[in-house]
Amino acid sequence: MKRYLLRHPGVARLGVILLMLIGWEIAARWFIDPMFISPPSRVLMALGSVFATPNVPAALRLTFFELAVAFALAVIIGVVLGLAVGLSKFGNKTFMPIVLLLYGIPQITILPIFILYFGIGPAAKIAFGVTHGMFPIIMAVVAGVQNIKPILLTSARSMGASNWQILRHVVYPNMIPSLFSGMRLGMTGVLLGVLLAELYVSTGGIGYFTSMFTQNFDPTKLLGLVGILAAMAIALNELVRRGETHFARWRD
Amino acid sequence: MTQAATNTAISVRNVSHSFGEADEARHVKALLDTSLDVTRGELLCLIGPSGCGKSTLLNVMGGLIAPTTGTVMVGDKPVHGPMPNDIAFIFQENALFPWSTIHENMILGMSFQGVPKAERADRAQRALEAVGLDEFAGHYPSQLSGGMRQRAALARALSLETNILLMDEPFGALDEQTRMVLGEDLSVLLSRSKKTIVFVTHSLGEAVFLADRVAVFSARPGTIKEIITVDEPHPRKSAFMTSARFHQQRDQLYDLLHDEIRKSMAQSGKPKRAYEDQSSRAGPAA
Ligand SMILES: Nc1ncnc2c1ncn2[C@@H]1O[C@H](COP(=O)(O)OP(=O)(O)O)[C@@H](O)[C@H]1O
Ligand SMILES: [Mg+2]
């Protein structure tokens, strides 16, 4: 039995998840006030009604849109700033300490300022997602540019490569695996930033409905919505992780 | 132009090179007033104690390092930077791009050099066949052994079809059996291609086995102390390696090198004071 489980870790994993769901089901049905928690079976059944709640699909779409835009901007800004900092000694010496300093600040402290500047609409959420997501990407790009083996640059130069060719065919591919690990961390950051901002204040996104379901003591729908968000996050993370393993295949 | 000059592939004139500014702590005089003519079609080995400036001289010849003083000419052109159409490099370290297959590595090298697109695949195939790696064109460098990787690097250099190959301890990281076989292969390749090769090595046997001439370096700051000639036609057979002449020439090289290696080790040895420090520190503690 033990040997079978060792050879099929997926089965054991599934078992653990099932056990947790059963525990939750039992606790929710018989031991905990239904004002605060719903059993998973009921949450699952209620998913339909969550979607049927007026404006919830639009809110989900809006949050997804915020995530996508924030992630795209984080990648673009992260790559550009990362290259600027990583490719020049001057840029590295001057800006890297600043990047590290900013990265170290818990950004939740400046969320109100974002709301003040960008309003309570999607712009603030996107901006907050971008500032969370771009730092790990900057760091990854800088690392990816700098961990290049000098002999590869020398060898490219000896074969007549121009600066542009070196950037395109040596620096860029060397950076890719690092960039993807940065993008995975960046995706986690974007999710954190966007959802934090959503929950803090929201008029049309997911945050609005979570606070509404909370205030109405409707844990079934609240859990359903949170579940949908979690699924969204897992799917997005998985997408980037796939990209990462795909592009890291040459790593020796 | 004189006959001698037209027969010279690379001419190095009074080249000195220092790393770092004169007032810096890590200022190193690597090469001192070195002059050398590499004859067309020969294989010239550079041998000397480690750190004596062999790689520096090779990189200066290939335009990868601009010397502090002195000049280098390739044919009738002064060297001011890489000359991909005349010179190809092979390094000790694996310099293949790890994200590309062997075939892609070769295509990329040729695109850097400016080979027309239509010719690249053909040339890659021929060069891979020449080093016996045609079956591994689709492999990534990490999937090959160290010896195969260096053969692939050789193929990439051959595909550039330059007249000159500069090789910096290309087999230095390989085990002795592999480097012997690769040495024989190189000798065969050489006799077919008529290329001019400058080959850095720290192996006396490799130098005598491969070279038409061996230039022996002095300890740092390096300069060429003596040049010996190995009169044996290419391709060289393994029988040459067991001949009396081979051993006699290797011993001659060893004699030339011996003193320089001692000097070079004295340069890098730790100052004696390190011992005194330790003993004085041990005193009060006990
Ligand atoms: N980029 C560099 N910066 C500073 N010193 C260097 C550099 N490259 C080589 N050196 C120094 O120059 C000397 C000669 O180096 P090198 O030509 O590589 O020696 P070899 O190839 O004969 O072992 C050594 O003392 C080495 O430490
Ligand atoms: Mg060297």
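The values are calculated or read from the model by the stated rules, or taken from the named source; none is laboratory data. What you are looking at is a predicted structure, and each value in this text was computed from that prediction instead of being measured. Virtual Cβ from ideal backbone geometry, glycine too; neighbours counted across all protein chains shown. Only protein heavy atoms, including side chains, enter the accessible area calculation; ligands, DNA and RNA are left aside. Shrake-Rupley method; radii C 1.70, N 1.55, O 1.52, S 1.80 Å.
Some points to look at:
- Residues in region B:101-117 that are outside any helix (DSSP H, G or I) and open to solvent by 30 Å² or more (accessible area, probe 1.4 Å) were compared, and the one that is farthest from the other protein chains (Cβ to nearest Cβ) is B:116.
- Region A:174-231, residues that are without any contact (Cβ under 8 Å) to a residue 24 or more places away in the chain and β-branched (Val, Ile, Thr): A:210, A:214, A:226
- Meets criteria (over 14 Å from residue B:224 (Cα atoms) and assigned to a loop (DSSP other than H, G, I, E, B)) for residue B:9: no
- Any hit, region B:108-122, residues being farther than 21 Å from residue B:197 by Cβ, in the same structural domain as residue B:32 (by TED's automatic domain parsing) and among the small types (Gly, Ala, Ser): no
- The single condition from (1) of a type outside the set (A, V, I, L, M); (2) free of Cβ contacts under 8 Å to residues at least 60 places away in the same chain; (3) within 16 Å of ligand 1 (Cβ to nearest atom) that residue B:50 fails is (2).
- The set of residues in region B:1-47 that are buried (at least 21 other Cβ atoms within 10 Å of the Cβ) and over 24 Å from residue B:234 (Cα atoms) comprises B:12, B:15, B:17, B:30, B:31, B:34.
- For residue A:170: the one exception among (1) more than 30 Å from residue B:92 (Cα to Cα); (2) open to solvent by less than 20 Å² (accessible area, probe 1.4 Å); (3) within 14 Å of chain B (Cβ to nearest Cβ): (1)
- Matching residues in region A:147-189 - criterion: being at negative phi and part of a loop (DSSP other than H, G, I, E, B): A:147, A:148, A:149, A:159, A:161, A:162
- One residue from A:121, A:144 being away from chain B (no Cβ under 14 Å) and of a type in the set (Gly, Ala, Ser): A:121
- Of residues in region A:208-222 being buried (at least 16 other Cβ atoms within 10 Å of the Cβ) and of a type in the set (S, T, N, Q), the one farthest from the chain's Cα centre (by Cα): A:220
- Selection within region B:30-67: residues that are away from ligand 2 (no atom under 16 Å from the Cβ) and part of a strand (DSSP E or B). The member of this set that is nearest to the other protein chains (Cβ to nearest Cβ) is B:38.
- Summed over region B:53-85, the residues that are away from ligand 1 (no atom under 15 Å from the Cβ) and in contact with a Gly (Cβ under 7 Å, 6 or more places away or on another chain) give a count of 7.
- Residue in region B:193-209 that is on the phi < 0 side of the Ramachandran plot, within 16 Å of ligand 1 (Cβ to nearest atom), open to solvent by less than 10 Å² (accessible area, probe 1.4 Å) and within 14 Å of another protein chain (Cβ to nearest Cβ) present: yes
- Region B:90-99, subset open to solvent by less than 10 Å² (accessible area, probe 1.4 Å) and over 15 Å from residue B:131 (Cβ atoms), residue farthest from the other protein chains (Cβ to nearest Cβ): B:97
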